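Just below is one structure, and these are the notes that go with it.
The values are calculated or read from the model by the stated rules, or taken from the named source; none is laboratory data. All values derive from a computational prediction rather than experimental measurement. Don't worry about glycine lacking a Cβ; one is built from the backbone with ideal geometry, like all the others, and counts go over all protein chains shown.
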Amino acid sequence: MLFCISKIRTYLFCPRKFILESKDEKVESTITQKINKSGFLKNVSISLEIYGLTLYAKNIDLKIDDNKITIISHRRGKKLYQYHYLEAAGYAFVVSSYTDKKIDVIFKSKYYTSQIPWKKHVDSFKNIIYDFLNKKVPKPILNPECKFCKYSLECTNELIKAKDLSLIRGIGKFRLKNLKEKGIEKLDDIIEMKEVVKEIFGEKSDKIIAQAKAFIYKKIILYNPVKKLKPGIFLDIESYKNFNFLFGVLYEDRYIPFLSLKREDEKTEFKKLISFLSNKKLPVYHYYNYEPIQINKLFKKYNLKKTNIEFVDLYKIYHNHIAIPTISYSLKSIAKYLGFNWRTNLNGNIVVHKFEDFLKTKDDKILDEILKYNEDDVNATKLLFNIVNKLSD
């Protein structure tokens, strides 16, 4: 049995995902034999057999001195959270099993360098391990991990089979309690007891009932009429540390990337994009609000005169008019349900790391992968546009 300390956040948010991933995870070569030799070990792994399982730490640096070992974990976030302290305690617990030297743990990111008081959190870390040892694969629970999780479809199907009310977006714990007090325990109860649902949710009841129907009947439900959308342009932006390096456009089924490989080129590509959009005088379709926010920021950043661009957020249309049997209304979740397949395994978070890798290596294969992902995003956006127009008919 394997417990990857580096993924302890996942265990706290979704034990089910963590346990399922642990079954597939393999321990890479570890460096326990070098733990007492002075030097600097970069991006290494170390493991410990204990309690009938393998504790596994990966992607850490070790600075080994005569009397002290410093564990360094490189982070990307802006601040520390509680799970970071548990993770640090896990790293130190494993390393201290191989040495009598003093152990320090440092977490570093662009925004901070913090020495972690790991000893205070060892008991809490051990309690998590004991909990893991006694835990079977739990039933699915919707959580922040679902958006990019490879098990989300499997979990969705299990919840649908159970007709679980947690599938309904926007219920909340308080109203869920109200529903159960009124005898509504399953999705089909929502449909059969419409008047009770209307009493609890008021004007939102049509949306709640439509979601229940979508899951039970396994189809898209239009609960609020939509107007036919005009032909237009599809836009998706990829960014890296306040640098919008790729404006991906789909126009008349042709993919056009406005790409900057250096920060100093961002303004030039942005101006090209705005010129293109302004000349076409068509609505610009996007999914969620990221694109217009970035466009407005760039107008201010470069002190450029704003042009009149009609942005249309397809997310708002789906959110306010259409019920779909998916646990997330992300672009990827809905498009995959509709049969669209991405050619890469990237997502919005991974793209950031991939572009960072490209800047370091200048590997064109990485850049090609990012461009494929972005092209798929705008094609998926167009698919959602087409579905809206079918429903409008």
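Take the residues in segment 242-252 that are in contact (Cβ under 8 Å) with a residue 24 or more places away in the chain and not β-branched (V, I, T); name whichever of them is nearest to N303 (Cα to Cα).
N244
Out of P292, P225, I need the residue that is surrounded by fewer than 18 Cβ atoms within 10 Å (Cβ to Cβ), closer than 30 Å to G339 by Cα and not assigned by TED's automatic domain parsing to the domain that holds K382. Which one?
Being surrounded by fewer than 18 Cβ atoms within 10 Å (Cβ to Cβ), closer than 30 Å to G339 by Cα and not assigned by TED's automatic domain parsing to the domain that holds K382 holds for just one of P292, P225, which is P225.
Restricting the search to segment 329-385, which residues are assigned to a loop (DSSP other than H, G, I, E, B) and hydrophobic (A, V, I, L, M, F, W, C)?
Once the filter is applied, which keeps residues that are assigned to a loop (DSSP other than H, G, I, E, B) and hydrophobic (A, V, I, L, M, F, W, C), segment 329-385 yields L338, F340, W342, L346.
Of all residues being in contact with a Ser or Thr (Cβ under 8 Å, 6 or more places away or on another chain) and in a loop (DSSP other than H, G, I, E, B) in segment 57-71, which is nearest to K42 (Cα to Cα)? Just the residue, please.
My answer is D65.
Within segment 338-346, identify whether any single residue is β-branched (V, I, T), under 18 Å from the mean Cα position of the chain (by Cα) and under 27 Å from R169 (Cβ atoms), and answer yes or no.
no
Out of the helices (runs of 4 or more DSSP H) lying entirely within segment 96-187, which hold 3 or more residues that are modelled with pLDDT of 95 or more and surrounded by 13 or more Cβ atoms within 10 Å (Cβ to Cβ)?
Answer list for segment 96-187: 122-133.
For V249, indicate whether it is over 26 Å from S278 (Cβ atoms) and either assigned by TED's automatic domain parsing to the domain that holds K280 or not in a strand (DSSP E or B) (or both).
no
Among the residues of segment 8-29, count how many are out of contact with any Pro (no Cβ under 7 Å at 6 or more places or on another chain) and buried (at least 18 other Cβ atoms within 10 Å of the Cβ).
Of the residues in segment 8-29, 9 are out of contact with any Pro (no Cβ under 7 Å at 6 or more places or on another chain) and buried (at least 18 other Cβ atoms within 10 Å of the Cβ).
Of the residues that make up segment 290-310, is at least one at pLDDT 95 or above and under 25 Å from I160 (Cβ atoms)?
no
I'd like the residue in segment 188-212 that is touching a Phe, Trp or Tyr at 6+ places or on another chain (Cβ under 9 Å) and crowded, with 19+ Cβ neighbours inside 10 Å and, out of all such residues, is farthest from K161 (Cα to Cα).
Here the residue is K207.
Filter segment 200-256 for residues that are at pLDDT 95 or above and acidic (D, E); which is farthest from T326 (Cα to Cα)?
E252
Just the residues that are assigned to a helix (DSSP H, G or I) and within 25 Å of the chain's Cα centre (by Cα), please, taken from segment 299-318.
Those that are assigned to a helix (DSSP H, G or I) and within 25 Å of the chain's Cα centre (by Cα): L314, Y315, K316, I317, Y318.
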